[in-house]
1. Starting from the amide H of residue 223, placed 1.01 Å from N in the peptide plane, find each other amide H under 5 Å away whose residue is 5 or more places distant or on another chain.
2. So what is the relative contact order of the chain, in percent, for Cα pairs below 8 Å that sit 6 or more residues apart?
3. So what are the ³J(HN,Hα) numbers for segment 218-224, from phi and the Karplus equation (6.51, -1.76, 1.60; θ = phi - 60°), rounded to whole Hz, Gly and Pro as x?
4. Enumerate by residue number the GluC sites (Glu not before Pro) in segment 97-197 meeting two conditions: DSSP loop (anything except H, G, I, E, B), and at most 16 other Cβ atoms within 10 Å of the site's Cβ.
5. Mind listing the phi-derived Karplus ³J(HN,Hα) values for segment 169-177, rounded to whole Hz, using 6.51, -1.76 and 1.60 with θ = phi - 60°, and x for any glycine or proline?
6. From the backbone phi of segment 32-49, what are the Karplus-calculated ³J(HN,Hα) couplings (6.51 cos²θ - 1.76 cosθ + 1.60, θ = phi - 60°) in whole Hz, Gly and Pro given as x?
7. Note down the net charge around residue 131, summing +1 for each Lys or Arg and -1 for each Asp or Glu among other residues with Cβ under 10 Å from its Cβ.
8. So for segment 68-220, taking the charge dipole from beta-carbon charges (+1 Lys/Arg, -1 Asp/Glu), which of 130, 190, 210 sits furthest toward the positive end?
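The values are calculated or read from the model by the stated rules, or taken from the named source; none is laboratory data. Quick caveat, the model's predicted, so the values are computed rather than measured. FYI the Cβ positions are ideal-geometry reconstructions off the backbone, even for glycines, and counts take in every protein chain you see. In case anyone asks, the SASA skips ligands and DNA or RNA and just uses the protein heavy atoms, side chains included. Shrake-Rupley method; radii C 1.70, N 1.55, O 1.52, S 1.80 Å.
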Amino acid sequence: MTRCAFVSVTAAALVPGPVSPQYVDPALIGYFEQQLEGHYRADMFLGPHDLIGTVSAQYQLIDKLLRSAQGETRRGLLRAGAAYAALVGWLYQDAGDLNGAAFWRGVTQEIALRSREPHLVGYALVNQAQVRTDLGDGHAVLDLCEAALENSSRMVPKVRVMALQQQAHGASLTGDRTAVDRLIDQANALLPQVDDDLPWGNACRRTPAYLEVQRATCYGRLGLGHEAVSLWDQILTSVPDTARRDCGVYLARHATAAANAGEPEQAWEIARPAVQIAAETRSARMRGELRTLQRAMRPWQDAPVGQALLETLAGVTEGN
């Protein structure tokens, strides 16, 4: 990463002080929480590039207000700031900038610790584990999730669900299929208990078949093509039109599972709409899934179906 790019990534989080004192109305906490939900919805439609600047600027405003806020207002803004930093980190991760993602996951951890909220500290650790999952570092994922779960008795069920499912991803990276199923099943048992009103980390409520998506992804990573295809067949019938970016990721993973199951024609048919969604959203994460599909299709690279796939993927899988 160039110095200019690093400054751009970090600018919103590293504003020097002091700043002029100002009155901070407690109503601002509700304002930021409402805006956060809108950003989550927009991310499903737009992808990361159009939102990073907007969400980073709002984090910068929260940081400025924190320098004057006191008491419960300050604590509420710390909670909001951690959620905004986590979202910025996710947007950089989806854009394929793992350096930027790691920086903002660190910011999330700092704000969570300042808030002294066990829920947020656990959430921040899971966010850091997500970056390690993308880096293929299964042991680090397990370490971070185990650290998050050490305080599970003080965390809301939602954070425990998040930690358990991310720990399953770590287990899949280390080749432990038994642990994957055990951890996903433990998370599934907790899911009916998720009833908090926290505005962040609600993918487990917002995403249909959330835990089976994680299981299917882990199965695909483990090379269990037939098992993964069976799960994706069921999952994709429940994905709403509003989750277009997620649908593209699922389709790409479904196609890879079909290739690993020895069904190249099925893989190509499944992949075609995913390519269009990848072009629209410019999601680097989705391009990465399509590159994984390309590797899985190498046994048929000289066959007509392999050539058709290469033509379909042309341009989309280039770049980061």
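1. Under 5 Å from the amide H of residue 223 lies no amide H from a residue far enough along the sequence or on another chain.
2. Rounded, it is 14 percent for the chain.
3. With coefficients 6.51, -1.76 and 1.60, one gets 5, 4, x, 5, 7, x, 8 Hz.
4. For GluC sites (Glu not before Pro) across segment 97-197 that sit outside H, G, I, E and B with at most 16 neighbouring Cβ atoms in 10 Å, the list reads 150.
5. Taking θ as phi minus 60°, the curve returns 4, x, 5, 5, 5, 9, x, 9, 5 Hz for segment 169-177.
6. 5, 5, 5, 4, 4, 4, x, 5, 4, 5, 5, 4, 5, 8, 9, x, x, 5
7. Cβ neighbours under 10 Å give a net charge of 0.
8. 190
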